[in-house]
Amino acid sequence: MSLATSAPLAIDRATCLALDAADPLAAYRDRFALPDDLVYLDGNSLGALPQATAAHVAHVITEEWGTGLIRSWNDAGWFAKPLVLGDRIAPLIGAAEGEVVLGDSTSASLFQVAVAAARLRPDRRVIVSERSNFPTDLYILDGVQQLLGRPAPLERRLIDDGGPSLDEVLDDDVAVVVLTHVDYRTGRMHDMVEVTRRVHSAGAIMVWDLCHSVGAVPVDLNGADADFAIGCTYKYLNGGPGSPSFMWVAERHHAVASPAVTGWHGHATPFDFDVEYVPADGVTRFRVGTPQLLSMAALEASLEIWGEVDLADVREKSLRLTELFISLVDSRLAPWGVEVVTPRQSAKRGSQVALRVDDGYAVMQALIERGVIGDFRAPDLMRFGFAPLYVSHADVWDAIAVLEEVLATGVWREPRFARRGTVT
Amino acid sequence: MTLDPHLAFARRMDRSDGLAHYRKRFAGAETDLVYFDGNSLGRPPVSAIERVERFLRDDWGGRLIRGWDEAWLQLPTEIGDRIGRAVIEAKAGQTVIGDSTTVLLYKLARAAVDAQLARDPARREIIVDTDNFPTDRYVLDGIAKERGMRLRWIEVNTTAGVTPEQLAEAVGPETALVVVSHVAYRSAYLADAPELTRIAHDAGALILWDLCHSAGSVPVKADLWGFDLAVGCTYKYLNGGPGSPAFAYVRDDLQAVLAQPIQGWWGTTDMFAMGPDYEPVPDIRRFLSGTAPIVGMLAMEETLAMIEEAGMPALRAKSVALTEYAITLAGDWLAPLGVTLASPADAEERGGHVTLHHNAMREVTARLWQRDVIPDYRDPGGLRIGLSPLSTSFEEVHRGLAATRDTLKTVLLERAGLA
Ligand SMILES: Cc1ncc(COP(=O)(O)O)c(C=O)c1O
Ligand SMILES: Cc1ncc(COP(=O)(O)O)c(C=O)c1O
């Protein structure tokens, strides 16, 4: 359904409540421990706490760690956990069993796969990314360029909405293209199939960053014939602050891929303590050191939920929420010059909406003080994420109402709202 | 029947042990289970359970995204500084917690060799010993390959470790980096850290210390001994929980000149400026890469509080007493069965665990586990007994070694066809 074209001005809070009543995902809200007085529109940055997490983490600490102790590496399946949980993420991203493994931070995982990707094209000297990519991706790639391009670093080419385009930078010197599927700021979504096809026709390797996609939009990595992917689990997957990232490596690369960091958990036989490094088969070779089991315990609890939901429902609701939000911005916030930066075409949109407004930082602080939590991304965007499992249509309504009040009263001009924290 | 004098001794020691009261602050210490593997995975502090629960409910659940600015963003350096102060004697601003030990090893080793090669392209050698922990060797092997360098191996006896003589012979004008474990994971050999550091420096090399088996067990004086770089686990003697993030130490004057290879946004001057170019902050945070794993960082703080209170010298004194006692029991009970000591006999040269050798130990370990006595096994024929000073009692050592004795006897009788 498209609210934007049905009757935008006729919407009121009762309409939103009716939409909530008919929402097949509405019951999931109760599976999360969200404070009642919050409208939480930042699940794209840090997902909400599932109700079941605390008990599961407590179980892992008291039983698996406290009672099982070292025996839990086998008995509680700790050693296999990065692969077992990887297999549970696989259906969310169109990956096959045995293609996904959990790692350290997203940054470290990108380093691990980007080096492996570039090593598959040793004769090429260019890495392509996007100017608007999340900074850590660009920084990590800079490190990869220096490592693999000695003496002179590999060349970086950045595509940009204002040009150059992907087609303009692709040539037979491009080794790897690393793109974030859903842009962290604007929510713009790339056409994974088409982009991958073009990258492949230039003979390059395609790496996707799925931080803002996994759990937000259906992804089909194998369907798109992509090569590598990485993603966060602390956003839409609700793994908790700093929960481990995942790496996906297409099966066809498993036997030849050579990741950057050769740690003991990526060894074929880690407990033989061999002198020689012999990489394990499969995606296991991308593992590095001892995995962070307590962070994984929290993720394991939330993946229970993700095992139940149908991503088609998630996508449908996500689009309903973002369309509702956009149409309410259009109908109610126009007087303050609020601009929707996110694509209006649903096929090009992830699960978030970015708004440009003067003094967006202060406006966002005023919103947060009123219990509507989004975030701000430099230089001028207010970002609202719509995690379909716990955001309701009424939340969207209420957020717009508060935003309207903040803008109408100008309360955001109070000096305290201009003070910057480290995290924006 | 008279009491076994060894048991009487253990009870006396427990009664006079100034650290004995810490034992009950660890989950499971009240059970009969004998835990000899705190050097691999420490027991959970009881208060950690509550701490994590509170964090989930109030901090993640209650503060959500605001938690980053309010508290969590500083945890890597805050906890790092606590480890610096209480555990490795490093002044503030030089220690940070972040990724796994292996990832930190990679980052620091790469940073070190890159800096050395830039300064002097002839420095193409990394020195490491043949019995260093596998991940150290594998990481260095990978770095040597990708940087066109050589590994120079120091052959060590698996019951000992790297000596100053061996290192002095190995270093030279081609040495870029030396990597040594302060306490060897197999033998518990305690390297002469100040002396090895001096030898490396005299040769113009940098040295990277692996403190996994010393942190929280053996006093370390990172600043005084002139360390360049160090990494260490927090899930062993610091009880951080399985896979809790490791720490890295980088001496302050090296921070601005070392560039680490996993250049992430957490290491930049202004992480929310979000510009396209990497600008590393000129302090310890530049060694961070991505979002820190917060849930896994909390438990270790409970142990750090205990160490701050008790002090490393007291922990070391108890650790020595525990290993001495284990060696005495092994001498009385196990030597007659053919068991030899695969750790240094001299406490000055020994860390916090003891390795006992017998070709039946693989089997013995498996059977001890069945009886709730948990050491671990390290080839060849090594029964490794880790004695975490805050959570282990002397009587526990007695129980565990008595069980080892009985089990080994049974195995040997069975082998001889007599059982
Ligand atoms: C000396 C040493 N270094 C490193 C490690 C482990 O590294 P990671 O935490 O990355 O698995 C260990 C673990 O036992 C160790 O003993
Ligand atoms: C596209 C993208 N990549 C990577 C990251 C984060 O990387 P890390 O988990 O290493 O901090 C984010 C976090 O917001 C992101 O949006």
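Taking every residue in A:132-143 and counting other chain Cβ atoms within 10 Å of its Cβ, the average works out to 6. Computed from Cα atoms alone, the Kirkwood hydrodynamic radius reported for the stretch A:180-322 is 16.9 Å.
Taking all protein chains together and a 1.4 Å probe, the residues B:Asp228, B:Asp4, A:Asp172, B:Asp332 rank A:Asp172, B:Asp332, B:Asp4, B:Asp228 from largest to smallest accessible area. Applying the Karplus relation 6.51 cos²θ - 1.76 cosθ + 1.60 with θ = phi - 60° to the stretch A:33-43 yields 3J(HN,Hα) values of 8, 9, x, 4, 8, 10, 9, 9, 10, 10, x Hz, where x marks Gly and Pro.
Quick check on the stretch A:77-306: take the gyration tensor over C-alpha atoms, sort the square-rooted eigenvalues as a ≥ b ≥ c, and tell me if it's rounded (a/c under 1.5), prolate or oblate.
Oblate, since a/c reaches 1.5 and b/c is not below a/b.
3J(HN,Hα) along the stretch B:386-397: x, 10, 6, x, 7, 10, 10, 9, 5, 5, 4, 4 Hz, from the Karplus curve 6.51 cos²θ - 1.76 cosθ + 1.60 with θ = phi - 60°, whole Hz, x for Gly and Pro.
Per the 1.4 Å probe, what fraction of the accessible area of the stretch B:71-307, in percent, lies on carbon and sulfur atoms?
Values: 3260 of 6160 Å².
Answer for the stretch B:71-307: carbon and sulfur cover 53 percent of the accessible area.
Taking the three principal axes of the alpha carbon atoms in the stretch A:302-384, the coordinate ranges are 41, 27, 21 Å, sorted in descending order. Checking buried surface per residue: for the stretch A:235-254, which residues lose a minimum of 40 Å² accessible area in the protein assembly relative to the chain alone (1.4 Å probe)? Residues meeting the cut-off: A:Pro241, A:Gly242.
Note on B:34-40: average number of Cβ atoms from other chains within 10 Å of each residue's Cβ is 2. In a simple Cβ point-charge model (Lys, Arg +1; Asp, Glu -1; nothing else charged), the protein assembly as shown has a dipole of about 660 debye relative to its Cα centre. Enter the angle in degrees (range 0 to 90, nearest 10) between the Cα long axis of helix B:134-146 and the first principal axis of the Cα atoms of chain B, meaning the one along which they spread out most. It works out to around 30 degrees. Run the Debye formula on the Cα coordinates of chain A, all scatterers equal and no solvent, and tell me log10 I(q)/I(0) at q = 0.06, 0.14 1/Å. At q = 0.06, 0.14 Å⁻¹ the computed log10 ratios are -0.26, -1.28.
Heavy atoms of the protein chains alone define the surface here; on that basis the protein assembly as shown has 33 Å² accessible area per residue at 1.4 Å probe size.
Loop-only check: which chymotrypsin sites (Phe, Trp or Tyr not before Pro) in the stretch B:321-370 are DSSP coil with at most 11 other Cβ within 10 angstrom?
Sparse-neighbourhood loop chymotrypsin sites (Phe, Trp or Tyr not before Pro): none present.
What's the magnitude of the charge dipole for chain A around its Cα centre, counting Lys and Arg as +1 and Asp and Glu as -1 at the beta-carbon? Answer in Debye, nearest 20.
680
Taken along its principal axes, the alpha carbon cloud of the protein assembly as shown reaches lengths of 92, 62, 55 Å, longest axis first.
Computed over the alpha carbons of the stretch B:213-313, Rg followed by Dmax gives 15.4, 48 Å. Annotation: amide H of B:Asp129 within the under-5 Å range of B:Ile154, sequence separation 5 or more or interchain, hydrogens built in the peptide plane.
In a reduced charge model with +1 at each Lys and Arg Cβ and -1 at each Asp and Glu Cβ, chain B shows a dipole moment near 700 debye about its Cα centre. Taking the accessible area of the stretch A:77-306, probe 1.4 Å, and keeping the other protein chains in place, the carbon and sulfur fraction comes to 50%.
Counting only alpha carbon atoms, the long axis of helix B:5-16 and the longest principal axis of chain B meet at about 40°. In the elastic network of chain A, a GNM with C-alpha springs shorter than 10 Å, the most mobile of A:Asp209, A:Asp12, A:Asp227 is A:Asp12.
Given the stretch B:225-384 reduced to its alpha-carbon atoms as identical point scatterers, what log10 I(q)/I(0) does the Debye formula return at q = 0.09, 0.16, 0.17 Å⁻¹? Log10 of I(q)/I(0), two decimals: -0.49, -1.05, -1.11. Just checking the listed ones, B:Tyr189, B:Tyr235, B:Tyr377: in the Gaussian network model of chain B with Cα springs under 10 Å, the one fluctuating most is B:Tyr377. Measuring from each cysteine beta-carbon in the protein assembly as shown, the ones with no other cysteine beta-carbon under 4.7 angstrom are A:Cys16. Ranking A:Thr422, A:Ser45, A:Ser302 by Cα position along the charge dipole of chain A, where only Lys, Arg, Asp and Glu carry charges on their C-beta atoms, puts A:Thr422 farthest toward the positive end. Counting only other chain Cβ atoms within 10 Å of each residue's Cβ, the peptide A:115-123 averages 0.
Rounded to the nearest 100 Å², what's the accessible area chains B and A bury against each other, both chains counted, probe 1.4 Å?
So the total buried area for this chain pair works out to about 6500 Å².
Tell me which DSSP H helices of chain A clear both cut-offs, 27 Å or more of axial length from alpha-carbon atoms and a mean Kyte-Doolittle hydropathy of at least 0.0.
Working: long enough: A:311-332 (31 Å, 0.09).
Helices meeting the span and hydropathy rule in chain A are A:311-332.
Amide H to amide H distances under 5 Å link A:Phe32 with A:Gln51, where only residues 5 or more positions off or on other chains count and H is placed in the peptide plane. Using only the alpha-carbon atoms, how far is helix B:299-310 inclined from the longest principal axis of chain B? Give it as 0 to 90 degrees, nearest 10. For B:299-310 against chain B, the angle is about 70 degrees. Residues B:Asp346, A:Asp23 ordered from highest to lowest accessible area at a 1.4 Å probe: B:Asp346, A:Asp23.
Counting every pair of alpha carbons in the stretch B:71-307, the share spaced more than 30 Å apart comes to 19 percent. Based on alpha carbons, the Rg and Dmax found for the stretch A:114-160 are 10.2, 28 Å. The GNM of chain B, with springs linking C-alpha atoms under 10 angstrom apart, assigns the highest mean-square fluctuation among B:Glu195, B:Glu89, B:Glu70 to B:Glu70. One compactness figure for the stretch B:314-419 is 1.03, namely its Cα radius of gyration divided by 2.2 N^0.38 Å. Amide H to amide H, with H built 1.01 Å from N, A:Val39 comes under 5 Å of A:Val372, A:Ile373, counting only residues 5 or more places away or on other chains.
The values are calculated or read from the model by the stated rules, or taken from the named source; none is laboratory data. Keep in mind that what you see is a predicted model, and the values were worked out from it rather than measured. Every residue, glycine as well, gets a Cβ built from its backbone with ideal geometry; the counts of neighbours run over all protein chains shown. Surface areas here come from the heavy atoms of the whole protein model, side chains and all, with no ligands, DNA or RNA. Shrake-Rupley method; radii C 1.70, N 1.55, O 1.52, S 1.80 Å.
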